[in-house]
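K.L.:
Here it is: the structure, laid out below.
Nothing in this text is a laboratory measurement; each read-out follows from the coordinates by a stated rule. Small disclaimer: the values here were computed from a predicted structure and weren't measured. All Cβ positions, glycine included, derive from the backbone under ideal geometry; neighbour counts span all protein chains shown.
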Amino acid sequence: MFGFFDCTASIATGSDRRILFSCASLSFAATDRIAVLGVPGSGKSVLQAMLAGQVRPSHGRVIRPPSTSWLIGKAGMFQPMLTGEQNVRTLAAMLDADPERVSAFVALFSELGAEFGRPMHHYSGSMRARLAFSLSMAIPFPFYVADDTIGTGDPAFREKCDRM
């Protein structure tokens, strides 16, 4: 059983704090697929980031599956001075995945071509998102956490992401 137990989370809004949820609990089996729906600003992304281990609740506890992905498609873990390929190989090695296999998959799936070998500070937002999504799919996790921005780029690439 995994989930959130008696969790409270809030965000800073200027000089105040706004409570997103208070004493919330949600449990599920590792084989469950769940979706969190709500209006913008209601705390959906905070819940997902808590499950991915990127945010801690102000109160309560989160029990995560032992091997949980980061938020699919998020590019915050990349070092901008390294190339896309160097970032991918480094992260693969850190996660005990085969850097050769992961790099080959990301190069093919992302369709970045020669840009894969350029420093990431030259990448557009769409290129970073392509790389991040491709890396998310190249590292096998038994449990994936996805926000509302999974696919990116042109319609053909978004369709490719949906199929994956």
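K.L.:
Could you give the nm distance between label points at Met1 and Val36, where each point is 7 Å from its Cα heading toward the beta carbon?
P.N.:
Between Met1 and Val36, the simple spin-label model gives 2.0 nm.
K.L.:
Search the structure for amide H atoms under 5 Å from the amide H of Ser10, placed 1.01 Å from N in the peptide plane, and list their residues when 5 or more places away or on another chain.
P.N.:
Under 5 Å from the amide H of Ser10: Leu20, Ser58.
K.L.:
Report, in deg cm²/dmol and to the nearest 500, the calculated mean residue ellipticity at 222 nm for the chain, where each DSSP H run with n ≥ 4 adds -39500 (n - 2.57) and the sum is divided by the residue count.
P.N.:
Values: 5 runs with 54 residues, N = 164.
When only DSSP H runs of four or more count, the value is -10000 deg cm²/dmol.
K.L.:
So how tilted is helix 84-94 from the main axis of the chain? Cα-based, degrees 0 to 90, rounded to 10.
P.N.:
The angle comes out at about 60 degrees.
K.L.:
Moving to a separate point now. Please give me the summed charge of the neighbours of Pro99: other residues whose Cβ is under 14 Å from its Cβ, Lys and Arg +1, Asp and Glu -1. The partial results should precede the final answer.
P.N.:
On the way: positive: Arg89, Arg101; negative: Glu85, Asp96, Asp98, Glu100.
Taking every Cβ under 14 Å from that of Pro99, the sum is -2.
K.L.:
Moving to a separate point now. Using modelled backbone amide H atoms (1.01 Å from N, in-plane), which distant-in-sequence or interchain residues come within less than 5 Å of Ile72's amide H?
P.N.:
Val145, Ala146, Asp147
K.L.:
Between Leu108 and Ala93, what is the label-point separation in nm under the 7 Å Cα-to-beta-carbon projection?
P.N.:
2.3
K.L.:
When the Karplus curve 6.51 cos²θ - 1.76 cosθ + 1.60 is applied with θ = phi - 60°, which whole-Hz ³J(HN,Hα) does each residue of segment 114-124 get, with x for Gly and Pro?
P.N.:
5, 5, 4, x, 9, x, 5, 5, 8, 6, 7
K.L.:
So, one more: In what sequence, highest mean first, do 20-33, 108-121 appear when ranked by Cβ atoms within 10 angstrom?
P.N.:
On the way: 20-33: 12.4, 108-121: 15.6.
Order by mean packing, descending: 108-121, 20-33.
K.L.:
Also, I was wondering about something else. Taking the 0 to 90 degree range and rounding to the nearest ten, how far is the long axis of helix 125-138 tilted relative to the main principal axis of the chain, both from C-alpha atoms?
P.N.:
80
K.L.:
How far apart, in nm, are two points set 7 Å out from the Cα along the Cα-to-Cβ line at Met164 and at Ser15?
P.N.:
4.7
K.L.:
Follow-up. Using amide H atoms built 1.01 Å from N in the peptide plane, name the residues 5+ places from Thr83, or on other chains, whose amide H lies under 5 Å from its own.
P.N.:
For Thr83, whose amide H was placed from the backbone, the distant partners under 5 Å are Met120.
K.L.:
Also, quick follow-up: With a Förster radius of 35 Å, plug the Cβ-Cβ distance of Cys23 and Ala146 into 1/(1 + (r/R0)^6) and report the FRET value to the nearest 0.05. Intermediate values should be presented prior to the final figure.
P.N.:
Values: r = 26 Å, r/R0 = 0.74.
The computed FRET efficiency comes out at 0.85.
K.L.:
Here's something else I'd like to know. Hey, can you rank 82-88, 7-13, 132-138 by average C-beta count inside 10 Å, highest first? Walk me through the numbers on the way to the answer.
P.N.:
Details: 82-88: 21.3, 7-13: 15.3, 132-138: 24.6.
So the order, starting with the most tightly packed, is 132-138, 82-88, 7-13.
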